[in-house]
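The values are calculated or read from the model by the stated rules, or taken from the named source; none is laboratory data. Fair warning: this is a prediction, and the values are worked out from it, not measured in the lab. With ideal geometry, Cβ positions are generated from the backbone for all residues, glycine too; neighbour counts draw on all protein chains shown. What goes into the accessible areas is simple: the full protein's heavy atoms, side chains included, and nothing from ligands, DNA or RNA. Shrake-Rupley method; radii C 1.70, N 1.55, O 1.52, S 1.80 Å.
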Amino acid sequence: MRRNSGRLLISLAAIVMAVVPWLADWNDSHIFSVQWSPHARFHGVTSLGMATTLSPIALWLLWRRSADQAAAAVAALIPIAYWGPFFVAALVPGTAIEDPGHRLRRIAGVPSNLLGAGATTLTAGLGWYLDRRLRATTAG
């Protein structure tokens, strides 16, 4: 069997989705921040639960034995659907990419949370493209 770099990239995006939000949010700057209302904390924990629940589903879709062509697309859409809204949220009036007093590290001037969300989204999308291309070349 040929190595499928597309599946590996989608897997990486799913694993990042399962781990990084916990590292970034389960702390005093997010979930346990005194600046956050209890309802905001509720949404934060809900988001972590979604990432934790959906990541294994993406991995299962990718690596189970099945001829289902749509499985890789759905698996790639899971991290895209989780991380993509970061960019929409940044456009909503009254929201902020970072909390006052918790300036994020920047890479090339871009806040690390947006850079990570973009990189993970692109990784999943590229993985889907490569998997699709490999399937097309091996099918015909």
- In Å², nearest 10: area of ARG106 left accessible to a 1.4 Å probe: 80
- Distance between region 100-140 and region 70-85 - C-alpha centres, whole angstrom: 11
- Message: As a test of the formula, what do you get for the chain when each DSSP H run with n ≥ 4 contributes -39,500 (n - 2.57) and the sum is divided by the residue count, at 222 nm and rounded to the nearest 500 deg cm²/dmol?
- Response: -23000 deg cm²/dmol
- Can you pull the accessible area of TRP60 for me, 1.4 Å probe, Å² to the nearest 10? 150
- Just going by the charge dipole of region 1-117, with Lys and Arg at +1 and Asp and Glu at -1 on Cβ, which of ALA108, LEU9, GLY84 is farthest out on the positive end? LEU9
- Which residue, SER11, SER66, SER33, tops the fluctuation ranking in a GNM of the chain built on C-alpha contacts under 10 Å? SER66
- Task: Would you work out the relative contact order for the chain, in percent, from Cα pairs under 8 angstrom that are 6 or more residues apart?
- Result: 38
- Message: Classify region 32-89 from the C-alpha gyration tensor, please: rounded if a/c falls under 1.5, else prolate or oblate depending on whether a/b exceeds b/c.
- Response: prolate
- Note on the structure: Magnitude of the Cβ-charge dipole (Lys and Arg +1, Asp and Glu -1) of the chain about the Cα centre, nearest 20 debye, reported as 660
- Residues whose placed amide H lies under 5 Å from that of ASP99, excluding near-sequence neighbours: none
- Item | Answer label for Cα extents along the principal axes in Å (calculated), chosen among (i) 49, 33, 22; (ii) 51, 37, 25; (iii) 57, 31, 23 | (iii)
